[in-house]
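*Asks:* First, the structure itself, so that you have it in front of you.
Just so it is clear, none of the values below were taken in a lab; they were calculated from the coordinates. Computed from a predicted model, the values in this text were never measured in an experiment. Ideal geometry is used to build each Cβ from the backbone, glycine not excepted, and the neighbour counts take in all protein chains shown.
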Amino acid sequence: MSQKIRKAIIPAAGFGTRFLPATKSQPKEMLPLINKPAIQYIVEEAIQSGIEHILIITGRGKRSIEDHFDHSVELENILRSRGKWSQYKEVLDIAKMADIHFIRQKEQLGLGHAVHCARCFVGDEPFAVMLGDDIIHHSKKPALRQMIEQFEQYGKSIVGVQEVEMKEVSKYGVISGKQLHDQVYEVDDLVEKPPVEQAPSNLAIVGRYIIHPDIFDILEKTEPGSGGEIQLTDALKALCSTHGMQANILQGERFDIGDVWGYIHATLSLAMESEELHEKLSNFCSKRLQA
């Protein structure tokens, strides 16, 4: 019987250089999508998927992430005294959202190194990793929940994937493998950012993982790879060869908010789904297109 997935790691220590100068003095994870910071969408997905404990891996200059998920007593008192009960409840709910822990990645040594920082938090349990640059929106079943259900059936480590255009594969880690059924693939290899002509498929890894805890022993021995960083994909390749691995073709619309256009795309798409903003945005776009 498979162990329950109770813990999730959210790496959030990157510099956010693609969003400079906006990220010079604030974390990219705190950039708002409508009226919520991007990282809150990731935390909400984890909670909606059944995760009980979350570790956010931060770095210097990221204190505002911790503050966001903490109580703000002065703000709560002001909202309560002014009778702004819906806003008061919203702010209070954020502080009560989940059992959230924080640790700093003291050196920028790559995603593999960031995951290894979570070893004491994870212990000997399988766990989830959720990258903050990927917002995956599905109205019925969160992306991580889709993967957890697969893990409960097969008990293997899983990478979340989606199809991308072949000309885009060099931007991603890509899997090769055999489709078992529907969303499930049996993985035989992972290739990090392959040239188009060498890509084994167009199934790109999109920032969601469920990983066996043996990955930590592998990460300890993993040499720095591309960019002098410890690549999680290199460790996953080794884990795949010894323990087996699967992929899940995630259902839902994905937004790469680490990219400026992806961030704009996410903002507009979420605004179109808002009852309050849909009509205003539609009218604005119509007028701009006619101008």
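*Asks:* Let me confirm something: among ILE135, ILE148, which residue is assigned to a strand (DSSP E or B), in contact with a Lys or Arg (Cβ under 9 Å, 6 or more places away or on another chain), β-branched (Val, Ile, Thr) and within 22 Å of LEU55 (Cβ to Cβ)?
*Replies:* On the way: ILE148 fails: assigned to a strand (DSSP E or B).
Matching residue, one of ILE135, ILE148: ILE135.
*Asks:* Please note which helices (runs of 4 or more DSSP H) are completely contained in segment 9-85 and include at least 2 residues that are farther than 25 Å from HIS137 by Cα and polar (S, T, N, Q).
*Replies:* Of the helices (runs of 4 or more DSSP H) lying wholly inside segment 9-85, those with at least 2 residues that are farther than 25 Å from HIS137 by Cα and polar (S, T, N, Q) span 73-81.
*Asks:* Restricting attention to segment 196-224, and to residues there that are in contact (Cβ under 8 Å) with a residue 60 or more places away in the chain and outside any strand (DSSP E or B), which single residue is surrounded by the fewest Cβ atoms within 10 Å (Cβ to Cβ)?
*Replies:* Once the filter is applied, the top-ranked residue is GLU220.
*Asks:* Only one residue in SER282, SER241, SER286 is closer than 22 Å to GLY160 by Cα and not in a strand (DSSP E or B), so which one is that?
*Replies:* So the residue among SER282, SER241, SER286 that is closer than 22 Å to GLY160 by Cα and not in a strand (DSSP E or B) is SER241.
*Asks:* Select from segment 255-278 the residues that are charged (D, E, K, R), surrounded by 11 or more Cβ atoms within 10 Å (Cβ to Cβ) and outside any strand (DSSP E or B) and list them in ascending order.
*Replies:* Listed by number, the residues that qualify are ASP259, GLU273.
*Asks:* Further question: Condition test on ILE5, is it in contact (Cβ under 8 Å) with a residue 24 or more places away in the chain, in a loop (DSSP other than H, G, I, E, B) and in contact with a strand residue (DSSP E or B) (Cβ under 7 Å, 6 or more places away or on another chain)? Even if it seems obvious, please write down each step before you answer.
*Replies:* Working: in contact (Cβ under 8 Å) with a residue 24 or more places away in the chain: yes; in a loop (DSSP other than H, G, I, E, B): yes; in contact with a strand residue (DSSP E or B) (Cβ under 7 Å, 6 or more places away or on another chain): yes.
Taking the combined requirement at face value, the residue satisfies it.
*Asks:* Name the residue, out of LEU190, LEU180, that is over 21 Å from the mean Cα position of the chain (by Cα) and in a strand (DSSP E or B).
*Replies:* LEU180
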